[in-house]
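In what follows, a single structure is set out as structure tokens and then discussed.
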Amino acid sequence: MSASETAAMTEAPKRARLVLLVDDDPTMRAAVRQTVSPLCDAVVEAGTVADCVKAAREASPDLIVLDLGLPDGDGLDALRSVRTFSTVPIIVLSGRESEEDKVALLDAGADDFVTKPFSSAELAARIRSNLRRAQLEERSEDERRIETGPIVIDLMRRSVTRNGKDVRLTPTEWTLLRTLVQHAGRTLSHKQLWELVWGREFGDPQLHLRVHVTHLRRKVEPEPGVPTLIVTEPGVGYRFELPR
Amino acid sequence: MPAALERRRSVLWSWLLWATLYAVSTVVLLPERLALRVAHIVVVYLLIIIGGSLGGGRPLGFTLVGAAYFIIAYDFIPPYHDIGLEKDNDWLILLGLAAVGLTTTELFVRFRQQARLAEARADEIESLSAERERLRQEAARAETLQEAERLKNALLASASHDLRTPLQTILTLAEQAAAAGDAAAGQIGKEARRLQEYVGTLLDWSRTRDGTVALRPEFNLAEDLLGAAARACRGLADGTQLRVRVEGDASELLAGEFDFALTLRAVVNLVENALKYAGGTPVELVALREGDQMVVEVRDRGPGLTPEDAAHVFDPFYRGTTAGRQAGSGLGLAIAREFARAQRGDLTWWPRPGGGSIFRLTVPLAVLASPPDAGTMPGYT
């Protein structure tokens, strides 16, 4: 069970009003619906890219679960179309597993992806976690205070303490930490992080990111050798997972 | 060289044989020399010369001609026991003997050389055409094999992709049935998941075989790799303990040039294996620098490998002499090694001093020229 899963369960999000479920296979749709319906008031289903975009526009769902294999086009097209008019959280169900595919999904605006095979519990946890983040984003970010083991991160006071002692972060590390926390539970691709934190095109993003993330982990992770807060999504990016 | 030796031996035998014949003829003919005409004697010697030149070549032929000349002049043409000639025309006989003997020898030798050459040519042609046929067959076989391998991989890849979606449906439905209280459904779900994982492994394997592994070797840190591996193995590390450590000065970050996702899969595979066989004893996951390589070692205190297992542990589908008790495809280590080698690294096994195994994964070291510092940050607001 991942940290985000645990966190999402202990602090249950508000029930969603409407979830849009997009999959071309009716059997699979029925199966996923079983997982989704306890988490929301209503489920709308779509089986094509066109239906998906139409439903997203007209029903304005709280969350979209999108399977990539659609008969009238690539799920990625649906994703891009929806992103032109909506910031609704989108979770992609993907049979593809290459890192390039995942990066492409994130860069196209997916909030999260679940790779097949996934368990219902896994999907439910991702849905809760994304709903929760969407609701949190409505709050002021500076209200955040994260406590885990010996570590306390207080974004409002811009302080990190380990066993009550102040830990000094460089300005870059602060920006990196804040960016990750703001998108907690969501994987940010290397490119997205590079743009959000460094805001520039030149330089070696790979080198800067790796080194700064490692330094940051040594300062804020309860056990830097086995990170639980700043999690590596192999070949894709990094994700901040809220502790339980 | 056996052929040259054989020839020398046959020449030696010729000398012996013809010299003996010479001696015997001379001994036999000598008492009869008054009853015989010189022509008879010359014919006998000429026959011997012809035989000698056939067996012994020029040296023997010429020697026999010279000897015949002197023997006939000395013993068979009066005055006897003198090289001189009694009758004026006898020198013609001797000249004829010499001329016929020398010419015959020369002709025979040349004929033999030609014959030998022709024979060698024929042999050569025969062996060349045999070689050509062998090569042709080999090429045809290689092509067939390659085609079969390609087809097999294409089939594997396609099957793996197409199995994924229906398996997902089975998995989801089974989970829901299990949640509704169907005891057997839980097992169905578990098996579906196992099948999925196996399909993924087969897909990985087919990718390493047909060269479509999309490798992206880039700058990555050992600490990041080990952390991700430890996290991935968290579920398994219950009971047994996984100890993670990067050796060396902590302020100098250990880095390598490798594809993070693929290398992580290889390391996780090694750690999972180690945990399986460690039987509850601690497993160490250690990164260190060695020369121009970044090394990741997975050390366990399990039973280790028998010499037989050590020789084959990286062979695909090899299950090992003790594998019976553990489920697995027998592909994990083969895939891990292919991944490592595809990025200029390697994967090897070593016996661990004091018992157990060390699996050692290497990748090229990346040198951090100037560590980025806080000064490179953007405007922080």
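What does the extension gain come out to for B:ARG134 and B:ASP182, with contour length at 0.36 nm per residue minus their alpha carbon separation? Write down the numbers at each step before the final one.
Numbers: separation 48, 0.36 × 48 = 17.28 nm, distance 6.33 nm.
Gain on extension, B:ARG134 to B:ASP182, equals 11.0 nm.
If the reach is capped at under 21 angstrom between alpha carbons, list the lysines near A:LYS116, excluding any in the same chain fewer than eight residues apart.
Answer for A:LYS116, where 21 Å is the Cα cut-off: A:LYS102, B:LYS190, listed by chain and number.
Tell me, what is the percent relative contact order of the stretch B:61-157, built from C-alpha pairs under 8 Å that lie six or more residues apart? Write down the numbers at each step before the final one.
Values: 37 pairs, mean separation 19.5, N = 97.
Averaging sequence separation for qualifying contacts and normalising by length gives 20 percent for the stretch B:61-157.
Across peptide A:220-232, what mean number of C-beta atoms from other chains lies inside 10 Å of a residue's C-beta? Could the numbers behind the result be given before it?
Details: counts 0, 1, 0, 3, 4, 10, 12, 7, 3, 0, 2, 3, 11.
Going residue by residue through A:220-232 and averaging, the value is 4.
For chain B, what is the accessible area per residue in Å², given a 1.4 Å probe and the full set of protein chains?
Numbers: 21360 Å² over 381 residues.
Spelled out: the 1.4 Å probe surface of chain B, per residue, equals 56 Å².
Which percentage, to the nearest 5, of the DSSP beta bridges contained in the protein assembly as shown is antiparallel? Kindly include the intermediate steps, with their values, before the conclusion.
Values: 45 of 68 bridges.
Counting DSSP beta bridges with both partners in the protein assembly as shown, the antiparallel share is about 65 percent.
If you take the accessible area of B alone, add that of A alone, and subtract the area of the pair, what total do you get in Å², probe 1.4 Å, to the nearest 100?
Details: alone 23460 and 11830 Å², together 31170 Å².
Buried surface at the B/A interface: approximately 4100 Å².
What is the distance, in nm, between label points placed 7 Å from the Cα along the Cα-to-Cβ direction at B:ASP162 and at A:ARG17?
4.4
What is the percent carbon and sulfur in the accessible area of the stretch B:1-93, measuring with a 1.4 Å probe over the protein chains and ignoring ligands? Show your work: numbers first, answer last.
Details: 4180 of 5960 Å².
Within the stretch B:1-93, the accessible surface is 70 percent carbon and sulfur.
Once you have the alpha carbon radius of gyration of the stretch A:161-220, what is it after dividing by 2.2 N^0.38 Å, with N set to its residue count? The partial results should precede the final answer.
Numbers: Rg = 12.0 Å, N = 60, 2.2 N^0.38 = 10.4 Å.
Computed over Cα atoms of the stretch A:161-220, the ratio equals 1.15.
Any number yet on Rg/Rh for chain B, C-alpha, Kirkwood?
Details: Rg = 43.8 Å, Rh = 29.5 Å.
Rounded to two decimals, Rg over Rh is 1.48.
For B:LYS190 and A:ARG80, what does the FRET efficiency come to when R0 = 30 Å and r is the distance between their Cβ atoms, rounded to the nearest 0.05? Let's see the in-between values first.
Values: r = 37 Å, r/R0 = 1.24.
Result of the calculation: an efficiency of 0.20.
Considering only protein heavy atoms and a 1.4 Å probe, what is the carbon-and-sulfur percentage of the accessible area of chain A?
Details: 4750 of 9810 Å².
Answer for chain A: carbon and sulfur cover 48 percent of the accessible area.
Just want to confirm a number: the relative contact order over chain B, from Cα pairs under 8 angstrom separated by 6+ residues, in percent. Mind showing how you got there, number by number?
Working: 464 pairs, mean separation 39.8, N = 381.
Reported as a whole number, the value is 10 percent.
Pairs of Cα atoms under 8 Å, at least six residues apart: use those to get the relative contact order of the stretch B:99-216, whole percent. Mind showing how you got there, number by number?
Values: 46 pairs, mean separation 29.5, N = 118.
Reported as a whole number, the value is 25 percent.
May I ask you to derive the FRET efficiency for B:ASP88 and B:VAL28 from their Cβ-Cβ distance with R0 = 35 Å, giving the value to the nearest 0.05? If you can, show how the numbers build up before the last one.
Values: r = 29 Å, r/R0 = 0.84.
Between B:ASP88 and B:VAL28 the formula returns 0.75.
Against the longest principal axis of chain B, how steep is helix B:222-232, in degrees 0 to 90 to the nearest 10, with axes from Cα atoms?
The angle comes out at about 70 degrees.
Between B:ARG8 and B:GLU126, how many nm apart are label points set 7 Å from Cα along the C-beta direction?
2.7
For the peptides B:221-231, A:102-112, what is the packing order when you average, over each peptide's residues, the other Cβ atoms within 10 Å and list the highest mean first?
Numbers: B:221-231: 24.4, A:102-112: 19.9.
Going from most to least packed, we get B:221-231, A:102-112.
Give the angle, between 0 and 90 degrees and rounded to the nearest 10, that separates the Cα long axis of helix B:332-342 from the longest principal axis of the Cα atoms of chain B.
Long axis of B:332-342 versus the principal axis of chain B: about 70 degrees.
At 1.306 mPa s and 10 °C, plugging the Kirkwood radius over alpha-carbon pairs of the stretch B:122-233 into Stokes-Einstein gives what diffusion coefficient in µm²/s? Kindly include the intermediate steps, with their values, before the conclusion.
Numbers: Rh = 18.7 Å.
D = 85 µm²/s.
Give me the tail of P(r) for the protein assembly as shown as a percent: Cα-Cα pairs with distance above 46 Å.
On the way: 80105 of 195000 pairs.
Summing the P(r) tail past 46 Å for the protein assembly as shown gives 41 percent.
Would you mind estimating how fast the stretch B:1-148 diffuses translationally, via Stokes-Einstein at 10 °C and 1.306 mPa s with the Kirkwood radius over Cα pairs, in µm²/s? Don't skip to the answer; put the middle values down first.
Numbers: Rh = 18.6 Å.
My calculation gives 86 µm²/s for D.
Report the label-to-label distance for A:ARG145 and B:GLN293 in nanometres (one decimal), using points 7 Å from each Cα along the Cα→Cβ vector.
Those two pseudo-labels are separated by 5.2 nm.
Accessible area per residue for the stretch A:52-101 in Å², computed with a 1.4 Å probe and the full protein assembly in place, what is it?
On the way: 2010 Å² over 50 residues.
The answer is 40 Å² per residue.
If the cut-off is 19 Å between C-alpha atoms, which aspartates and glutamates fall inside it for A:LYS165, apart from same-chain ones fewer than 8 positions away?
The reachable aspartates and glutamates, counting only those whose Cα sits under 19 Å from A:LYS165, are A:GLU147, A:ASP154, A:GLU173, A:GLU221, A:GLU223.
With both bridge residues required to lie in chain B, what share of the DSSP beta bridges run antiparallel, to the nearest 5%?
Values: 25 of 30 bridges.
Among the beta bridges of chain B, antiparallel pairing accounts for roughly 85 percent.
Given the -39500 (n - 2.57) contribution per DSSP H run of 4+ residues, what per-residue ellipticity at 222 nm results for the protein assembly as shown, rounded to the nearest 500 deg cm²/dmol?
Details: 17 runs with 324 residues, N = 625.
It comes out at -17500 deg cm²/dmol, rounded to the nearest 500.
Once ligands and nucleic acids are excluded and a 1.4 Å probe is used, how much of A:HIS212 is accessible, expressed in Å² to the nearest 10?
Here the residue's solvent-accessible area equals roughly 10 Å².
The values are calculated or read from the model by the stated rules, or taken from the named source; none is laboratory data. What you are looking at is a predicted structure, and each value in this text was computed from that prediction instead of being measured. Glycine also receives a Cβ, built like all others from the backbone with ideal geometry; neighbour counts cover every protein chain displayed. These accessible areas exclude ligands, DNA and RNA; they are computed on the full protein's heavy atoms, side chains included. Shrake-Rupley method; radii C 1.70, N 1.55, O 1.52, S 1.80 Å.
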